[in-house]
Structure formats: structure tokens, C-alpha cells
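For reference, the structure discussed in these notes is given below.
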Amino acid sequence: CFCLLVIDCMVFTAHGIHRGELGDRLGINLTLLLTAMAFKWVLSDALPSTPYLTDMEKYVIMTFAMLFLQGMCFWFVSDAYIYRCGTDDYSVGEEGQRQEKSIDWITGAVKLVNTTETVDFSCEAIHILDRVILLIEIVCFMAKNAWFAYEVWVNRRSAVTSQTHFEDLSKLEEYAMPDKLTHVGGREPEEKYYKDLKD
């Protein structure tokens, strides 16, 4: 649990990189994803094979989902930043004023942005969107760990051993024996065996 908790916390560090640097952000994201996958392989060797997902495996899958969604959000924010906020290049207009260049999303053509108010608003909105994504990640992180803590508390050993609602499955066809079991050589019948023990 502690290893995955560290991976989950390190997810937030990618937001410290500028939103236009998609390669650096995804570098952190993919490194953590590969680390979580390596942990999943170690976990599957350590846990017994079951036909259902254990709570620990669900926790790992939630980490995968969180990293996947974060990577997709990084791509969306970076794409919006490049095409909405323009490039770092400026050209000098007719009146000696700097004009910012931006890129058309469909054609990729560089165009001049005449009004900086729209650009500033767009960049501010993209920055707010990036922070909203960070806030959603924090909420998902807290909800996931609260769920896991609850599952650990409910399934602790003392609680499971005190449960009495187990059902008798002997009436099911899978557990029914076609014939009565009979003793087949090798050892004497049980009655004689226990009689010898008493003597």
C-alpha cells in the first residue's frame, strides 16, 4: 500500500511543469505508470490466484485509471495551450507594436492575434482548467484511499472471524457426491482405527 501511495502522491508533481511542456509532463506520467505496472507484476506473484479482483488489485487498477486520465488531460491542456495561447514568437506590427502569433488548430497555419484580451482570457481559462484537473485528481486520490481504508477496516481479521452469515453450500449439485464413500484398502476401517487408539 505504501508503494502505491507514494506513486499516487508523485502524480501531482507533473502539474509543477509548464502546461505547454507536454513531453516533460508525460515523461513523469509514463514513468509512474511503468512503476505501477512493475508493482502489479510483483503483486500478482505475491498474492494467491483468485477468480475475482481483490481489494489490492482494485486499488492498483484505480492507480492505472488515474494515471491514464491524467495523461489524457495533459494532452488536452497542452493542445489547448499551444493553439489558444499562441506561440512565444512575436512580430512587430505596422505601428511598432508587438503582435503575438498563434496557430490555427485545423490547418496549423500561423496567424497574428490582433487583440491580446482574448488571448489573455484564453490562457487564463486554460490555467484554471489545469488547476481544476489537479483538484479533481486530489479528490479522486482522497476518495480512493478512503475507500481502501474502509475496505481494510471492514475486512480485518477480527471482523471476518466473528462473522456467522456463511451459507451451507453442501446442497449444491457441485458439492453433492454421486455415491456414498466407501473404504478402499490400505488402512483399516475408522472404527477399528479409533478402537486401537483407545487401547
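The values are calculated or read from the model by the stated rules, or taken from the named source; none is laboratory data. The structure presented is a predicted model; accordingly, all values stated were derived computationally and were not measured. Here the Cβ is made from the backbone with ideal geometry for all residues, glycine too, and neighbour counts use every protein chain on show. Keep in mind that these areas ignore ligands, DNA and RNA; they rest on the heavy atoms of the full protein, side chains included. Shrake-Rupley method; radii C 1.70, N 1.55, O 1.52, S 1.80 Å.
Provide the solvent-accessible area of Arg19, counting protein heavy atoms only and rolling a 1.4 Å probe, rounded to the nearest 10 Å². For Arg19, solvent-accessible area is about 40 Å². The residues packed around Cys73, meaning those with a beta-carbon under 9 Å from its beta-carbon, carry a net charge of -2 if Lys and Arg are +1 and Asp and Glu are -1. Using θ = phi - 60° in the Karplus curve 6.51 cos²θ - 1.76 cosθ + 1.60, the 3J(HN,Hα) couplings for the range 46-62 round to 7, 8, x, 6, 10, x, 9, 7, 7, 4, 5, 5, 4, 4, 5, 5, 5 Hz; x is entered for Gly and Pro. FRET efficiency for the Leu69 to Ser49 pair, using the beta carbon distance and R₀ = 25 Å, is estimated at 0.30. Rolling a 1.4 Å probe across all protein chains gives Phe148 an accessible area of roughly 30 Å².
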